Amino acid sequence: MTSRSFSEKDLICPVCLEIFIDPVLLSCTHSICRYCLQRFWEKQGHKACPLCRRRVSKEPPLNLNLRNLCEAYQEERRLKSSIGDENVCSLHKEKLRLFCLDDQQAVCLVCRDSRKHTNHKFCPIDEALVDNKEKLQDLLNHLQEKLTKFEAFKQNLDKSAKHIKAQAQCTEKQIKEEFEKLHQLLHDEEVIRITVLREEEKQKSQKMIDRIEETSKQIVYLTRTIRDIEEQMKAGDDSFQQVPMKTLIDVPKHLSNLKFTVLQKMQEYMKYTPVTLDPNTAHSNLVLSDDLTSVRFRDEEKLLPDNLERFDARECVLASEGFDSGLHCWDVEVGDLTNWTFGVMTESAQRKDDILTKKGLWVLGYASGEYYAFITPEQSPPLAVKNKLQKIRVQLNYEKGKLSFIDPLNNTYIHTFTQKFTEKVYPWFGVRCDICPLLILPCNKSNQNTETLRHYL
């Protein structure tokens, strides 16, 4: 029912075609009398909706709102029938003027004074009709509001289901593409090594063929000139009988440390990033890279499910993994961005509405040409930073409660927060500028300044 009024057909079971009795609500949103549904299931031999034939996996709950509406409708119908077309008491033939609130029936003045209705409460019959209609209308309004909410909730669930399917397809495609690259890398390496081996085989086989031909000629010649052979034997010159050096396949060149050499080449292709982003938390104005290591702002919003993890007011995104112990470090490249923020956020912090007015964020940011560092919901004056920051190193010591920001290009300190952490924290990133993406850089331990790390942590 979507209108502001209803008729009897809205309250009729589609199976027995009578007013609902103990209606149950199926997962497909159809309602059926409990008894009718049980009979249908027994007859069919399996559990399904009698209307749309959709399978039912669990016992459907009682539709209390619909049952109350049906009972109220039946009560109103009984009230009208008790009044009768001629509005006359069947016992005393008097006009029905009152309504007994205790027995919920229309009565005449004689009924009111009878023993049956001693100490009962009464009201005029017209008032009873108006009151009953008002109650029905209130109940109907309440049910329609709930229906509207459920329809909106179902729409959001449908949108989430479509997004999950799209996410899975996209992720599967990316996984296949990455493994195809690895397979291609291994295949290319195999082809190169086999080609080199074949080339060496060809060259050395040809040399051996040439040597065999030369030796064959020598044998023919020597059989004809026995005397020359005897002279050569007397001279001890048997060098022609020796197989020359480096004529066989150089096996070590092809097999020595083969796995290690191939892995080294694969490592040049593979890079490890200590922090990756979680697309399920990203604001709808943000676009993440396929490898989840960069985020870009765009004016056009993307149609995404409004799930609990997602930020809806601030253009930001969380990392996919959080930290509740240990030392951690990651580098962020902001480039020429003119509006950015990043730091860490507690697992329980608010993600809806304006998160900067809520607790749980430790932030370094840049906006309007000035740098800021603050712990929400408090704000702080601008930081004094001499050089424009292009790359920032974030260093977290969970046990000591330290979060430090350093300029690795100039090896200079920017800011340190010191506060005890009591729950898991996640790397957090925000961007509101479409000049370029904000990048989380791959880990390169040789470039990490260990002295700086020791000093600030």
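Is it true that Arg310 is at pLDDT 90 or above, farther than 17 Å from Leu439 by Cα, surrounded by 11 or more Cβ atoms within 10 Å (Cβ to Cβ) and not hydrophobic (A, V, I, L, M, F, W, C)?
It is true that Arg310 is at pLDDT 90 or above, farther than 17 Å from Leu439 by Cα, surrounded by 11 or more Cβ atoms within 10 Å (Cβ to Cβ) and not hydrophobic (A, V, I, L, M, F, W, C).
Which of the residues spanning segment 348-380 are of a type outside the set (Gly, Ala, Ser), within 15 Å of Phe311 (Cα to Cα) and touching a helix residue (DSSP H, G or I) at 6+ places or on another chain (Cβ under 8 Å)?
Arg351, Leu361
Criterion first (buried (at least 17 other Cβ atoms within 10 Å of the Cβ) and in a loop (DSSP other than H, G, I, E, B)) does His283 satisfy it?
When the stated conditions are applied, His283 passes them.
Out of the residues in segment 396-439 that are out of contact with any Leu (no Cβ under 8 Å at 6 or more places or on another chain) and aromatic (Phe, Trp, Tyr), which is surrounded by the fewest Cβ atoms within 10 Å (Cβ to Cβ)?
Tyr413
Give the residue, chosen from Ser90, Ser57, that is assigned to a loop (DSSP other than H, G, I, E, B), over 42 Å from the mean Cα position of the chain (by Cα) and at negative phi.
None of the other options fit; the residue is Ser90.
Being without any contact (Cβ under 8 Å) to a residue 40 or more places away in the chain and either within 23 Å of Cys28 (Cβ to Cβ) or surrounded by 13 or more Cβ atoms within 10 Å (Cβ to Cβ) (or both) is the filter here, so list the residues in segment 124-136 that pass it.
Within segment 124-136, Asp131 is the sole residue that qualifies.
State which residue pairs qualify: first residue closer than 13 Å to Leu139 by Cα and inside segment 56-79, second residue hydroxyl-bearing (Ser, Thr, Tyr) in any location, beta carbons under 6 Å apart, and separation of 6 or more residues or different chains.
Filtered contacts from segment 56-79: Leu66/Ser31.
Would you please name the residue that is surrounded by the fewest Cβ atoms within 10 Å (Cβ to Cβ), looking only at residues in segment 348-395 that are charged (D, E, K, R) and either at pLDDT 95 or above or not assigned by TED's automatic domain parsing to the domain that holds Phe417 (or both)?
My answer is Lys391.
So, in segment 169-215, how many residues would count as being farther than 30 Å from Ser289 by Cβ and either acidic (Asp, Glu) or free of Cβ contacts under 8 Å to residues at least 40 places away in the same chain (or both)?
Number of matching residues: 21.
Failed condition for Asp336, given (1) surrounded by 14 or more Cβ atoms within 10 Å (Cβ to Cβ); (2) in contact with a Cys (Cβ under 7 Å, 6 or more places away or on another chain); (3) not small (Gly, Ala, Ser), with all others met?
With (1) surrounded by 14 or more Cβ atoms within 10 Å (Cβ to Cβ); (2) in contact with a Cys (Cβ under 7 Å, 6 or more places away or on another chain); (3) not small (Gly, Ala, Ser) applied to Asp336, the lone miss is (1).
Out of all the residues in segment 387-409, which are in contact (Cβ under 8 Å) with a residue 24 or more places away in the chain and in a loop (DSSP other than H, G, I, E, B)?
Selection gives Asn387, Leu389, Gln390, Tyr398, Glu399, Lys400, Pro408.
Tell me whether segment 141-153 contains one or more residues that are within 38 Å of the chain's Cα centre (by Cα) and closer than 30 Å to Leu96 by Cβ.
Taking every residue of segment 141-153 in turn, at least one turns out to be within 38 Å of the chain's Cα centre (by Cα) and closer than 30 Å to Leu96 by Cβ.
What is the number of the single condition among (1) at pLDDT below 85; (2) surrounded by fewer than 13 Cβ atoms within 10 Å (Cβ to Cβ); (3) within 30 Å of Ile32 (Cα to Cα) that Lys154 does not meet?
In the conditions (1) at pLDDT below 85; (2) surrounded by fewer than 13 Cβ atoms within 10 Å (Cβ to Cβ); (3) within 30 Å of Ile32 (Cα to Cα), Lys154 misses (1) alone.
Hey, among Ser31, Ser57, which residue is exposed (fewer than 14 other Cβ atoms within 10 Å of the Cβ), assigned by TED's automatic domain parsing to the domain that holds Val107 and hydroxyl-bearing (Ser, Thr, Tyr)?
Ser57
The values are calculated or read from the model by the stated rules, or taken from the named source; none is laboratory data. Treat the numbers as computed from the prediction; the structure is a model and nothing was measured. No Cβ is skipped: glycine too gets one built from the backbone with ideal geometry, and neighbour counts run over all protein chains shown.
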